[in-house]
Amino acid sequence: MTTNEQGEVEVELHGGPLDGWRVPVDPDDPDPWTAIISDHGQYPGGRSLYAPNEAGTWWWVRDLRPEEL
């Protein structure tokens, strides 16, 4: 985790269609995950879901259809 110029905590995404992207997250969220709108995943216009593992590395979980959120 790093802090960007806006003071937000950022993580790097691993695996899946957004591998290598850096995105802001809320480190105090009790249910941490992020679902990013993506045309790069299995469902264009859907979202790519990422969550941290036990070591704090954010890994791809699956792609969501646009109507799933």
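The values are calculated or read from the model by the stated rules, or taken from the named source; none is laboratory data. What you see is a predicted model; the values in this text were computed from it and never measured. Counting neighbours? That spans all protein chains shown, and the Cβs are built from the backbone with ideal geometry, glycine included. These accessible areas exclude ligands, DNA and RNA; they are computed on the full protein's heavy atoms, side chains included. Shrake-Rupley method; radii C 1.70, N 1.55, O 1.52, S 1.80 Å.
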message: Tally up the residues in segment 2-35 that are open to solvent by less than 30 Å² (accessible area, probe 1.4 Å) and not in a loop (DSSP other than H, G, I, E, B), please.
response: 6
message: Under 7 Å between Cβ atoms, which residue pairs at least 6 apart in sequence (or on different chains) link something in segment 20-32 that is over 12 Å from PRO52 (Cβ atoms) with a partner that is polar (S, T, N, Q) and in a loop (DSSP other than H, G, I, E, B)?
response: PRO24/ASN4
- prompt: Taking GLY41 and the conditions (1) modelled with pLDDT under 90; (2) touching an Asp or Glu at 6+ places or on another chain (Cβ under 9 Å); (3) open to solvent by 80 Å² or more (accessible area, probe 1.4 Å); (4) not basic (Lys, Arg), which numbered condition does it fall short on, given that it satisfies the others?
  reply: (3)
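Could you look through segment 46-69, keep only residues that are surrounded by fewer than 11 Cβ atoms within 10 Å (Cβ to Cβ) and without any contact (Cβ under 8 Å) to a residue 24 or more places away in the chain, and pick out the one that is nearest to MET1 (Cα to Cα)? Steps first, please.
So the first thing to find is which residues in segment 46-69 are surrounded by fewer than 11 Cβ atoms within 10 Å (Cβ to Cβ), and the list is 53-56, 67, 69.
From the residues that got through so far, the ones that are without any contact (Cβ under 8 Å) to a residue 24 or more places away in the chain too are 53-55, 67.
Working: ASN53: 13, GLU54: 14, ALA55: 11, GLU67: 30 Å.
Here the residue is ALA55.
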